[in-house]
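A quick write-up on the structure given underneath.
The values are calculated or read from the model by the stated rules, or taken from the named source; none is laboratory data. Being a predicted model, the structure only gives us computed values, none of them experimental. Please note: Cβ atoms are built from the backbone with ideal geometry, for glycine as well, and neighbour counts cover all protein chains shown. SASA here: full protein model, heavy atoms, side chains in, ligands and nucleic acids out. Shrake-Rupley method; radii C 1.70, N 1.55, O 1.52, S 1.80 Å.
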Number of protein chains: 2
Amino acid sequence: MTEPTTPHRVVVIGSGFGGLFATKTLRRAPVQVTLIDRTSHHLFQPLLYQLATGILSEGEIAPPTREVLRRQKNARVLVGEVTGIDLDARTVTSRVLGRSRTTPYDSLVVAAGSGQSYFGNDGFAEYAPSMKSIDDALRLRARIFGAYELAELEEDEAARTALLTFVVVGGGPTGVEMAGQLAELARRGLRGEFRSFDSASARVLLVEAGPALLNGFGERLSARTKQSLEKLGVEVRLDTKVVGVDAAGVDLHRPDGSPERVRAATKVWAAGVAASPLGGLLAGATGLGTNRSGQLPVEPDLSLRGHPEVFVVGDMMQLPGKPAVAQVAIQGGRFAARRISDRLRGRSGADTFRYHDKGMLATISRFRAVASVGPIRTTGFWAWILWLVVHLMYLIGFRNRLSVLMHWAVSFVGRGRAERTVTLRQAGLSANEAGLADHADEAGVARQG
Amino acid sequence: MTEPTTPHRVVVIGSGFGGLFATKTLRRAPVQVTLIDRTSHHLFQPLLYQLATGILSEGEIAPPTREVLRRQKNARVLVGEVTGIDLDARTVTSRVLGRSRTTPYDSLVVAAGSGQSYFGNDGFAEYAPSMKSIDDALRLRARIFGAYELAELEEDEAARTALLTFVVVGGGPTGVEMAGQLAELARRGLRGEFRSFDSASARVLLVEAGPALLNGFGERLSARTKQSLEKLGVEVRLDTKVVGVDAAGVDLHRPDGSPERVRAATKVWAAGVAASPLGGLLAGATGLGTNRSGQLPVEPDLSLRGHPEVFVVGDMMQLPGKPAVAQVAIQGGRFAARRISDRLRGRSGADTFRYHDKGMLATISRFRAVASVGPIRTTGFWAWILWLVVHLMYLIGFRNRLSVLMHWAVSFVGRGRAERTVTLRQAGLSANEAGLADHADEAGVARQG
């Protein structure tokens, strides 16, 4: 499979968990790896909500990919948006600043991850940003802290209430963690900073279309998560659908089918996942279909049907019963990498990917998390310690671990938020996008004396 | 001067050194302080270049003003762009999201600081950002690290050289510190991360129109600073004027009058200072003139002529022989605050502001700074220790001090840059502004295979 003189060329698309772990697993293989991603960083997505709520900085959860791979001399990192994959010519096309580059491969690992799905209501995105990238989190940070700033200026009580209402859509781990942090921010983090209202009066709603939070953790943990969030002051709305989102608020369908309007300046969308459009592109080229989430069916060894040299891992692959968690991507990336090096070395190796379920974890508040790890199903302090250890373990780099630990001490033992600074440009962009500037009258928000 | 029932109302414009220290000095005075600024943070401007070069995070050098003033119950913080000051009605008008607010005052402290001056060539700003706000620094961070990313993609050697050329305009402390850090980044920070070039091959030019760097530190220190920078690999160009700046580079006038064209993707402007436009506004209202830098003449007690209730402090005030450093703003802010409380308490107090020159400091590289403090005029390690202690001392908050110290260890003892993460949006905005996308052909940069 290799040419005699040039090493086997592996192209990895995506610098998330799948792509990064595939690349790292190939560090001693006789290959030349090219990792292509449109960003220059590896994003530790499970902590994105802490960037949005001012606990951590960009650098802590998103180290530059080339710094992570500095010592791995058989890997190079290229920034570029992948626009095409030619399965016959075995090339990947990527673009930066309007210029295209074509990179040939002998083996390809597609790990482009997923974006947020608005279930066909893409218009919601403007008003209810998702939580998938650093930009998303910075946008939300600007909106969250901006809403408090505007509330301090607001003299109309109804308008102030709307500014101090936060709606999180989606009761999965991201939604639960975000709602918990928004409540902690209101009740602890911002206490005493405002003169015209008490930050603890802020309302946080968590809206879930299904009958339970944290679907997949089991009934008991779901119920206890709901209780814990309610104790924190979060209003949990189950069996409730979001049918409209605009600058001024959200329209809900209650469980009994009756409509409800909630005026809220800040909305967060954490409800659906849609695999990278590269999935659809590969589906078209191979005649395979994707599922509702845009995921591709893969062979048992994670390769693309008819293309044993192409692997699809992480959020993009469709495997029955597989949750969209980092572990699936990490294990998939490692498996694909081993498959490539096994072939090159003429070893047989494992030809079927088996996902080792390491369980699921979600934080609710400081010192409190939910854990579903093997037979252990618990909520509370020990679950939180487990959450802390596991997250520190998978963070990249000693430096970031130390720095994150310090910021957690600041926010959880203390009550501060070290990284809540919003720039003028971020605030302005965010207010424009949120429709606060244009729709201020209609929305009744941001009115000043 | 006070009404019997309502406390004396002080409005402070600006949350920089002058405004913040004025507000804090009033904490025990029988007044109600309203601090108005268009941003929600107190910016520690002397470390802005470390944000731009990936050493520190936004939160570390710009804590939220209302968090700093949380316990000062006689102070409130309002976000707003000040658009007018009515000296007769004694009101300040500010705007947010198109809505105006009018805030009445009994005493006013105007500490709106300064922006960058392009000496009439405002068109340069697009291509050579200044270093005055967090947004400026983030923009520069995106350009600096983006240029390296594009260089890794570039196959044309001349174009790559242009991407790896950094021009800093202005040989004052900011320019010197920025040039030094850019050189350290190239020689140490980024070593080993790129596969198609050696980061140490990057060129850093420091262009100064006058005959010496760090004007004000004295001839000997200027010469030694130049030597140190040159040892680091910075090309120092004295007596050299920048006559043109565009997407592809800069046009210089050499000391002998001959023209020189330097192709450079990244340009930083640190050359001139222009006081806030509020200076001109007050000048118009009082019939006073401003100087070339837009600064207002003030009475010996820092008040505005004919308006003993209005104080002008920091970069906006015109005092002979006063450098534009943080100490002038801090001492001016404190003086104005004491003047207000002395009056209210019927104490005479000092009626003439005297600036206590605490000296000047600038870093060149790790372990190396220049100090001109009283009789001490030195460069090297001990100057650097002094620089470190003084900067930590004036940083706001124990938490930020600890965190900054840790990041300094990362960058100066180690060689990493913990906070160099650039988002896709920042990179895109920055490339657009820099003209990289539009002028890529002309500039010869960002060309891909």
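Worth a mention:
- Once the range B:132-147 is narrowed to residues that are open to solvent by 10 Å² or more (accessible area, probe 1.4 Å) and over 18 Å from A:Ser40 (Cα atoms), the residue that is farthest from the other protein chains (Cβ to nearest Cβ) is B:Lys132.
Conditions tested, residue by residue: (1) in contact (Cβ under 8 Å) with a residue 60 or more places away in the chain; (2) more than 29 Å from A:Arg187 (Cβ to Cβ); (3) buried (at least 18 other Cβ atoms within 10 Å of the Cβ).
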site	(1), (2), (3)
A:Asp351	no, yes, no
A:His356	no, yes, no
A:Ile364	yes, no, yes
A:Ile385	no, no, no
A:Val389	no, no, no
A:Leu395	yes, no, yes
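- Any hit, the range A:192-203, residues being modelled with pLDDT of 95 or more, within 24 Å of A:Asp256 (Cβ to Cβ) and basic (Lys, Arg): yes
- Check on A:Asp301, within 30 Å of A:Leu395 (Cβ to Cβ), acidic (Asp, Glu) and assigned to a helix (DSSP H, G or I): no
- Criterion violated by A:Leu150 - all others in (1) more than 12 Å from chain B (Cβ to nearest Cβ); (2) assigned to a helix (DSSP H, G or I); (3) touching a Leu at 6+ places or on another chain (Cβ under 9 Å); (4) surrounded by 24 or more Cβ atoms within 10 Å (Cβ to Cβ) satisfied: (1)
- For the range A:102-122, a residue qualifies if it is away from chain B (no Cβ under 14 Å) and assigned to a strand (DSSP E or B), and the qualifying residues are A:Ser107, A:Leu108, A:Val109, A:Val110, A:Ser114, A:Gln116, A:Ser117.
- Restricting attention to the range B:79-101, the residues that are open to solvent by 10 Å² or more (accessible area, probe 1.4 Å), at the interface with chain A (Cβ under 10 Å from one of its Cβ atoms) and either touching a helix residue (DSSP H, G or I) at 6+ places or on another chain (Cβ under 8 Å) or acidic (Asp, Glu) (or both) add up to 7.
- Filtered residues of the range A:207-227 (kept if crowded, with 18+ Cβ neighbours inside 10 Å and either within 14 Å of A:Thr161 (Cβ to Cβ) or charged (D, E, K, R) (or both)): A:Glu208, A:Arg224, A:Lys226
- In the range B:49-69, the residues that are on the phi > 0 side of the Ramachandran plot form Cβ pairs under 7 Å with partners that are open to solvent by less than 10 Å² (accessible area, probe 1.4 Å), at six or more places apart or across chains, as follows: B:Gly54/B:Arg141; B:Gly54/B:Arg417; B:Gly54/B:Glu419.
- Taken residue by residue, the range A:284-300 has at least one member that is in contact (Cβ under 8 Å) with a residue 12 or more places away in the chain, outside the structural domain of A:Leu138 (by TED's automatic domain parsing) and open to solvent by less than 10 Å² (accessible area, probe 1.4 Å).
- Among the residues listed as B:Gly321, B:Gly284, B:Gly280, B:Gly294, the single one being outside any strand (DSSP E or B) and in contact with a helix residue (DSSP H, G or I) (Cβ under 8 Å, 6 or more places away or on another chain): B:Gly294
- Across the range B:123-147, the qualifying residues are those that are among the small types (Gly, Ala, Ser) and assigned to a helix (DSSP H, G or I), and the one among them that is nearest to B:Glu235 (Cα to Cα) is B:Ala147.
- Here the range A:250-277 is the region considered, the condition is being among the hydrophobic types (A, V, I, L, M, F, W, C) and assigned to a loop (DSSP other than H, G, I, E, B), and the residue that is modelled with the lowest pLDDT is A:Ala271.
- Residue match in the range B:174-186 (condition: within 14 Å of chain A (Cβ to nearest Cβ) and among the acidic types (Asp, Glu)): no
- Residue under evaluation A:Arg224, criteria (1) more than 14 Å from chain B (Cβ to nearest Cβ); (2) in contact (Cβ under 8 Å) with a residue 40 or more places away in the chain; (3) under 26 Å from A:Arg261 (Cα atoms), criterion not met: (3)
- Within the range A:416-449, considering residues that are in a loop (DSSP other than H, G, I, E, B) and at pLDDT 85 or above, the one farthest from the other protein chains (Cβ to nearest Cβ): A:Arg417
- The condition of being outside the structural domain of B:His391 (by TED's automatic domain parsing), part of a loop (DSSP other than H, G, I, E, B), open to solvent by 10 Å² or more (accessible area, probe 1.4 Å) and at pLDDT 95 or above holds for B:Arg27.
- Of note, A:Ala158 does not satisfy the criterion of being in the same structural domain as A:Ala264 (by TED's automatic domain parsing) and open to solvent by less than 10 Å² (accessible area, probe 1.4 Å).
- A:Arg76 being within 13 Å of chain B (Cβ to nearest Cβ), open to solvent by 40 Å² or more (accessible area, probe 1.4 Å), under 19 Å from the mean Cα position of the chain (by Cα) and under 21 Å from B:Glu149 (Cβ atoms): no
- Condition check for B:Gly175: in the same structural domain as B:Ala265 (by TED's automatic domain parsing), closer than 17 Å to B:Arg366 by Cβ and surrounded by 22 or more Cβ atoms within 10 Å (Cβ to Cβ): no
- Top-ranked residue in the range B:390-436 [being more than 21 Å from the chain's Cα centre (by Cα) and of a type in the set (Phe, Trp, Tyr); ranked as farthest from B:Ala52 (Cα to Cα)]: B:Phe398
Yes/no per residue for (1) part of a helix (DSSP H, G or I); (2) open to solvent by less than 10 Å² (accessible area, probe 1.4 Å); (3) farther than 25 Å from B:Pro259 by Cα:
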{"site": "B:Gly180", "(1), (2), (3)": "yes, yes, yes"}
{"site": "B:Leu205", "(1), (2), (3)": "no, yes, no"}
{"site": "B:Leu229", "(1), (2), (3)": "yes, yes, no"}
{"site": "B:Glu235", "(1), (2), (3)": "no, no, no"}
